[in-house]
1. Find the strands (runs of 3 or more DSSP E) located wholly in segment 2-86 whose residues include 2 or more that are surrounded by fewer than 17 Cβ atoms within 10 Å (Cβ to Cβ) and in contact with a Lys or Arg (Cβ under 9 Å, 6 or more places away or on another chain), and list them.
2. List, please: which pairs have Cβ atoms under 7 Å, are six or more places apart or on different chains, and start with a residue in segment 177-192 that is under 14 Å from GLU253 (Cα atoms) and end with one that is assigned to a loop (DSSP other than H, G, I, E, B) and at pLDDT 80 or above?
3. What are the residues in segment 120-131 that are among the charged types (D, E, K, R), outside any loop (DSSP other than H, G, I, E, B) and touching a residue at least 24 places away in the same chain (Cβ under 8 Å), if any?
4. Considering only helices (runs of 4 or more DSSP H) fully contained in segment 270-349, which possess at least 3 residues that are surrounded by 18 or more Cβ atoms within 10 Å (Cβ to Cβ) and of a type in the set (A, V, I, L, M, F, W, C)?
5. Residue under question is THR215, and the condition is that it be of a type outside the set (A, V, I, L, M), closer than 30 Å to TYR110 by Cβ and without any contact (Cβ under 8 Å) to a residue 40 or more places away in the chain; does it hold?
6. Can you say whether THR205 is surrounded by fewer than 15 Cβ atoms within 10 Å (Cβ to Cβ) and more than 28 Å from ILE339 (Cβ to Cβ), as far as the supplied structure shows?
7. Taking segment 132-172 as the region of interest, how many residues are touching a residue at least 60 places away in the same chain (Cβ under 8 Å) and part of a loop (DSSP other than H, G, I, E, B)?
8. Say whether the condition of being under 21 Å from MET206 (Cβ atoms) and touching a Ser or Thr at 6+ places or on another chain (Cβ under 7 Å) is met by at least one residue in segment 312-323.
Amino acid sequence: MNPLEQLVRTPAAATEFVNILLTQEDAEIGASPKEVVWTHRTTTLYRYRSDRRTQPIPVLLVFALINRPDIFDLTPGNSFVEYLLEQGYDVFLLDWGVPDEAEGDLGLEYYACDALPWGIRETLRACGEDEVTLLGWCIGGTLCAMHAALEPDAPVRNLALLTTPIDTAGSLYAKWIARDSFDPELVGDTYPSIPGGAIDFANKTMKPVSNYWSTYRQLWEGVLQGKDPRDRYQPMAKWVADNPPFPTRAFKEWTTWMYKDNKLVAGNVRLRGQRVDLSRIEQNLLVVTAGDDHIAPAPGTMPLLDLVASEDVTHFDRPGGHIGLMAGSSAQDEIWPDIAEWLDGRSDR
């Protein structure tokens, strides 16, 4: 585009750019039909409707506590849920909901020792099977690993962990949180539940140029060139902006145990009086890391490969970031088929 064309195009492009930003809430995300199976407090177990179920072992999806799980089902045509359904899987989703001040007392033990095993129980009850595949992403992966370590005899055949924090030594989060000037107790005592927007701001400042400049620059350049980036930009922007509160007790435990003290990899986390010993994990294990992940960098996940007792251990490392790995434009070509193939060989009766 020459300078004159750019000058002529700019007013209309500016209007379109602003319109895309102002209407991002209109984007439809998490649209795959699903039904409520079970609820407890703010936690809900969903089952996705399908007439293509051919795989016996159901897949239970578990996401983090600091974003909504719609990222598993972003938009039609870019939905991991949709993809699994097409592969014949019975797909369930454990949604932690939107905790309010009343849930400030929920700690990691609630999620790993109560809600997660209850979700597994209700999944199996709904589908009539004896085992399940747990597929956890981010903090959801850590919670799944904790549960598997605490209950090695649980009815979990396969454990798939995506960009999962295990050993936080050297991570950017640890550099921020482990310093003496950061006091999780003070933060937790100040807020009955930690505002999601505050956590989102902290996450974005880890890569400020990308989050506060590059994203908008790329959007502007696309609009200026006459492209329509609305369908690509808006769903992800809407999801990123939807940040539920983090229950205060869970926040204190997560930041202290994982980043100040790095207890999990050392086997020093205790839930309900029991040590979370990762060497007790025996399930078929898939670990997926992302080369550009600054939230849960690969070196912080890979120690799990040597800790577990699993005989069947697989590691996939792919390009992409913490979220883009699974929800980016190339995910359905670069990682989804590999996950489906891994599951396929481990999901028969």
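1. Qualifying strands (runs of 3 or more DSSP E): 34-40.
2. Every condition considered, no pair remains.
3. Within segment 120-131, GLU122 is the sole residue that qualifies.
4. Those helices (runs of 4 or more DSSP H) span 324-327, 336-344.
5. Judged against the criteria, THR215 is not a match.
6. On the way: surrounded by fewer than 15 Cβ atoms within 10 Å (Cβ to Cβ): yes; more than 28 Å from ILE339 (Cβ to Cβ): yes.
Yes: the conditions hold for THR205.
7. Looking only at that region, the number is 11.
8. Within segment 312-323, one or more residues are under 21 Å from MET206 (Cβ atoms) and touching a Ser or Thr at 6+ places or on another chain (Cβ under 7 Å).
The values are calculated or read from the model by the stated rules, or taken from the named source; none is laboratory data. None of these values were measured; they are calculated from a predicted model. For neighbour counting, all protein chains shown are included, and Cβ atoms are generated from backbone atoms with ideal geometry for every residue, glycine included.
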